[in-house]
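Nothing in this text is a laboratory measurement; each read-out follows from the coordinates by a stated rule. Everything numeric here is computed off the predicted structure, so don't read it as measured data. Here Cβ is always computed from backbone atoms with ideal geometry, including for glycine, and neighbour counts include all displayed protein chains.
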């Protein structure tokens, strides 16, 4: 998101001549696969075991989060989407979809609120 | 990632009393689900159709990217992971796993390089 | 898996002239997206809420399971994979990866047993 | 789906005392993770490379398909869902959502047809 990170991501890709593979569809696939790798850390685990896993595998989990972020930032960059603006814009919509008085203390989807 | 965005994300959650639901396992599930929603835009589509989709549904796609980012930033924050540091750390590892001379022009996984 | 189901799946696809879209990569994407839709029913929910959800949305959940199965059966069929044989073969490997004396009562991945 | 396969799946689980972990939420997570592992075989690949991958890694891909099927069959069984009936039921709905005259030769989602 910061210019420095984005520019490292671009350099890393371009030194390896990988832009040719990084079309939006494969980038979205990659994000989905990395999200599954993060989730796998918590599979079959109780809340207590999840907390223990986070203590035991802190760096691995941090790496999975970073993997998702790297692909996500590059995809936004490739599509000329300003991620900060996109987040601000989406959070305004979320605020309208989940008004505090209706959504407070509820995890229902907006369509089921 | 910027403090301002993080602080909006925390405020949004806390106004709705949602921290109780935002345990790491469900956050990882949410990231995975949002990643699938992004990917669905490109399902069954050729590269040309993907480009057309991006033109036609630019804001929807931007929203999906933002949804992933919001959950990812909050999860990192909840785990006391500095996302910028996590990315820099992971990119150093990636540079070692994918040395330029071996990885250039190849999309093979490091274990198959 | 039964011939009758497989033949309905093929007929459904061919009446719509959809084989042209059903390449293995997009089929795998479709399976992943449908799996996320199933999972979304359980997002943010406690075990008790999951049980309630299953009572409340039994047919929706059954439909999501069917969606995954339909794409999975067609993909196996397209790849000339006999799903019953594939399952038997994989279960033998699983039995070797997860020997009863080591795996009993543990949800650890084989690489961490 | 056949009784023999289902009964092997149940025996495998019960010999390892795994029913305690196999709640519907974790089963759905497992299906999603396995679906991603299948998809990873095709990441960054052109249609020709996908075909080559299938030739090169036929057994690995068959194993991933089997992994999804095993969890899916067990989940349906745990929920007392008859998978064959679920598929037949869903395919009737799909036939209504995707009438031949509208859907023929189109990969648009029913909501965009």
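Based on DSSP H segments of at least four residues, each scored -39500 (n - 2.57), the protein assembly as shown has a per-residue ellipticity at 222 nm of -22500 deg cm²/dmol.
Rounded to 0.05, the FRET efficiency of the residue B:108 and residue C:101 pair, given R0 = 60 Å and the Cβ-Cβ distance, is 0.95. Distances, shortest first, from the label point of residue B:6 to those at the same position in the other copies read 2.0, 5.1, 5.4 nm; the point lies 7 Å along Cα to C-beta.
Counting other Cβ atoms within 10 Å as a rough exposure proxy, the listed residues C:46, C:84 run C:46, C:84 from fewest neighbours to most. The modelled label-to-label distance for the pair residue B:52/residue D:79, using points 7 Å beyond Cα in the direction of Cβ, is 3.5 nm. Plainly put, the tip 7 Å out from Cα toward Cβ on residue B:46 is 1.5, 5.3, 5.5 nm from that tip on each other copy, the closest given first.
Sorted by packing (mean other beta-carbon atoms within 10 Å per residue), highest first, where do D:32-41, A:11-20 land? The partial results should precede the final answer.
Values: D:32-41: 24.4, A:11-20: 14.3.
Result, highest mean Cβ count within 10 Å first: D:32-41, A:11-20.
Evaluate the Debye formula for the protein assembly as shown with equal point scatterers sitting on the alpha carbons, no solvent, and hand back log10 of I(q)/I(0) at q = 0.10, 0.12 Å⁻¹, in q order, two decimals. Debye output, listed in q order: -0.74, -1.11. Can you give the log10 of the normalised intensity I(q)/I(0) at q = 0.12, 0.17, 0.21, 0.27 Å⁻¹, computed with Debye over equal Cα scatterers of the range B:2-81? Values returned for q = 0.12, 0.17, 0.21, 0.27 Å⁻¹ are -0.42, -0.73, -0.94, -1.27. Shortest first and in nm to one decimal, what separations exist between residue C:17 and its copies in the other chains, measuring from label points 7 Å along the Cα-to-beta-carbon line? Spacings between copies for this position, smallest first, are 4.0, 5.7, 5.9 nm.
For chain A, what's the relative contact order in percent, using C-alpha pairs closer than 8 Å and at least 6 residues apart?
Working: 43 pairs, mean separation 34.8, N = 113.
Taking the mean separation of contacting Cα pairs over the length of chain A, I get 31 percent.
When chain A is turned onto chain D, its residue with the beta carbon nearest the axis, and that distance in whole angstrom, is A:36, 2.
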